[in-house]
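Written out below as structure tokens is the structure these notes cover.
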Amino acid sequence: MSAAEPALHPHLRALYSAHHGWLQGWLRKKLGNAFDAADLAQDTFVRLLSAPEDTPEKQADWQLREPRAYLTLIAKRLMANLYRRRSLEQAYLEALGAMPEPMAPSPEQQAIILETLQEIDAMLDGLAPAVRQAFLLAQLEGLGYAEIAARLAVSERTVKRYMAEAMARCILLTSE
């Protein structure tokens, strides 16, 4: 192990050695693609490595009672993110295809727009459904709080609270 390589606990090495191949095979069956399976299997273990120090798996010295169930849970979340990201990309590409050629953004602008859309999607994913709906109605449809309250069958005060929560999340994510 080089000096630059982080020291890994032996249990994490054992977890990787014992389950990486199985996880990659499981993902290959689910995804039907060996390349995506390899990426997501690796990302699953990266998630474990980057988990905060106060998580159960780090406190328990990486000795998990049901390691495959835990790895599967992480991998399923990563698969959901992959599908959502690809769906977003596909919708964006379809919207680009519908644009007249002179109006289409440059490849660099397209990459920036796509990255921004993915960041917005991640931000919205962390909001409660009602908060997300209120935010989208305000931002995409330009509705006022009274109109949003009527659509969602809540009070204007609740809409204000929803919007404050959504804006706070936006500020939090942009300051990171």
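The values are calculated or read from the model by the stated rules, or taken from the named source; none is laboratory data. Worth saying up front: this structure is predicted, and the values here are computed from it rather than measured. For neighbour counting, all protein chains shown are included, and Cβ atoms are generated from backbone atoms with ideal geometry for every residue, glycine included.
Which one is farthest from the chain's Cα centre (by Cα), of the residues in region 61-73 that are crowded, with 17+ Cβ neighbours inside 10 Å and modelled with pLDDT of 75 or more? Looking at the filtered set, the residue picked out is Pro67. In this entry, Phe45 passes the filter for residues that are modelled with pLDDT of 85 or more, surrounded by 11 or more Cβ atoms within 10 Å (Cβ to Cβ) and of a type in the set (Phe, Trp, Tyr).
Could we say that Lys58 is surrounded by fewer than 17 Cβ atoms within 10 Å (Cβ to Cβ) and at pLDDT below 90 here? So Lys58 passes the test. Would you confirm, using the coordinates I've provided, whether Ile120 is of a type in the set (A, V, I, L, M), free of Cβ contacts under 8 Å to residues at least 12 places away in the same chain, surrounded by 10 or more Cβ atoms within 10 Å (Cβ to Cβ) and not assigned by TED's automatic domain parsing to the domain that holds Gly32? Yes.
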